[in-house]
Amino acid sequence: MNQPVVEELFGTDTKTINRYVDILASRGVERGLIGPRESERLWERHIFNSVAVAPLIRENASIADVGSGAGLPGIALAIARPDLSIVLVEPLLRRSVFLTEVVEELALGGRMEVVRGRAEDCVRTFDVVTARAVAPLGKLVGWTKKMFLPEGELLALKGASAAEEVAAAATELEKSGLVADVRPVRAAANLEETFVVRVRGVSRETDL
Ligand SMILES: C[S@@+](CC[C@H](N)C(=O)[O-])C[C@H]1O[C@@H](n2cnc3c(N)ncnc32)[C@H](O)[C@@H]1O
């Protein structure tokens, strides 16, 4: 763990993020939500990668993190950004039970909620929908567009495959009246760059 970077991203009180990483490395692995080999690289590969999307999110936004799994990026984002309110949408019972426990244990319940369900069945709308490692972009857009249109956006953490995913989703994007661009992001100056696909309605194409 890189303490100066952790403090830059999560503030000087790093108790909550450390507690979350401990939970992932212990109960997360025991309950099969995190692969045993991942526990060694939780910070670099999962926590820093998840919060790299934060600079693209405006202050006080409402977020739905679909397919949250063990809480990534949703819980890490909530800890890094106390201004955000975040709903974790996760269909699997085992995972949604884990998420509910963790949200309660980390005292994030005032601005976080866990909804057990599939993204395509969600009838609420949000400023931002986030998703990491959930489905190919075309499918994800089909599942989530009702959750962020007309004014919001989807921010999909896609890594190196981002541009290819946008090309492969061209038909679905056009059919749905959406545009996508790829944004390079990194959580802090000396961390690895990754890529987020930002999807919006065509009417917002020229917004910064
Ligand atoms: C590979 S995991 C990724 C978990 C987490 N986002 C991460 O980055 O570690 C994919 C997650 O998507 C969830 N999922 C699958 N289909 C979904 C759907 N239709 N709506 C919402 N979540 C879904 C799965 O249950 C699983 O938790």
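The values are calculated or read from the model by the stated rules, or taken from the named source; none is laboratory data. It should be emphasised that the depicted structure is a prediction, and the values quoted were computed from it without experimental measurement. Here the Cβ positions follow ideal geometry from the backbone for every residue, glycine too, while neighbour counts run over all protein chains shown. Only protein heavy atoms, including side chains, enter the accessible area calculation; ligands, DNA and RNA are left aside. Shrake-Rupley method; radii C 1.70, N 1.55, O 1.52, S 1.80 Å.
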Open item on the list: For the stretch 160-175, check the following and say yes or no: at least one residue is part of a loop (DSSP other than H, G, I, E, B), open to solvent by less than 20 Å² (accessible area, probe 1.4 Å) and closer than 13 Å to residue 199 by Cα.
Closed with: yes
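For residue 154, are the conditions met, namely being over 27 Å from residue 1 (Cα atoms), within 14 Å of the chain's Cα centre (by Cα) and without any contact (Cβ under 8 Å) to a residue 60 or more places away in the chain? Steps first, answer last, please.
Working: over 27 Å from residue 1 (Cα atoms): yes; within 14 Å of the chain's Cα centre (by Cα): yes; without any contact (Cβ under 8 Å) to a residue 60 or more places away in the chain: yes.
Yes: the conditions hold for residue 154.
Given the criterion within 15 Å of the ligand (Cβ to nearest atom) and closer than 29 Å to residue 170 by Cβ, identify the matching residue among 44, 120.
Numbers: 44 fails: closer than 29 Å to residue 170 by Cβ.
Unique residue meeting the criteria: 120.
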Task: Which listed residue is within 15 Å of the ligand (Cβ to nearest atom), at pLDDT 95 or above and either more than 23 Å from residue 54 (Cβ to Cβ) or touching a helix residue (DSSP H, G or I) at 6+ places or on another chain (Cβ under 7 Å) (or both), from 97, 115 - done: 97
Task: Residues satisfying the stated conditions in the stretch 176-204, i.e. within 20 Å of residue 42 (Cα to Cα) and either open to solvent by 50 Å² or more (accessible area, probe 1.4 Å) or modelled with pLDDT of 95 or more (or both) - done: 185, 186, 189, 190, 192, 193, 194, 195, 196
Open item on the list: Just the residues that are open to solvent by less than 60 Å² (accessible area, probe 1.4 Å), more than 16 Å from the ligand (Cβ to nearest atom) and in contact with a Ser or Thr (Cβ under 9 Å, 6 or more places away or on another chain), please, taken from the stretch 2-41.
Closed with: 6, 10, 26
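From the set of residues in the stretch 24-37 that are assigned to a helix (DSSP H, G or I) and within 18 Å of the chain's Cα centre (by Cα), which is farthest from residue 83 (Cα to Cα)? Give the derivation first.
Of all residues in the stretch 24-37, those assigned to a helix (DSSP H, G or I) come to 24-30, 36-37.
Next, only the ones that are within 18 Å of the chain's Cα centre (by Cα) stay: 24, 28.
Working: 24: 24, 28: 26 Å.
By that ranking, first place goes to 28.
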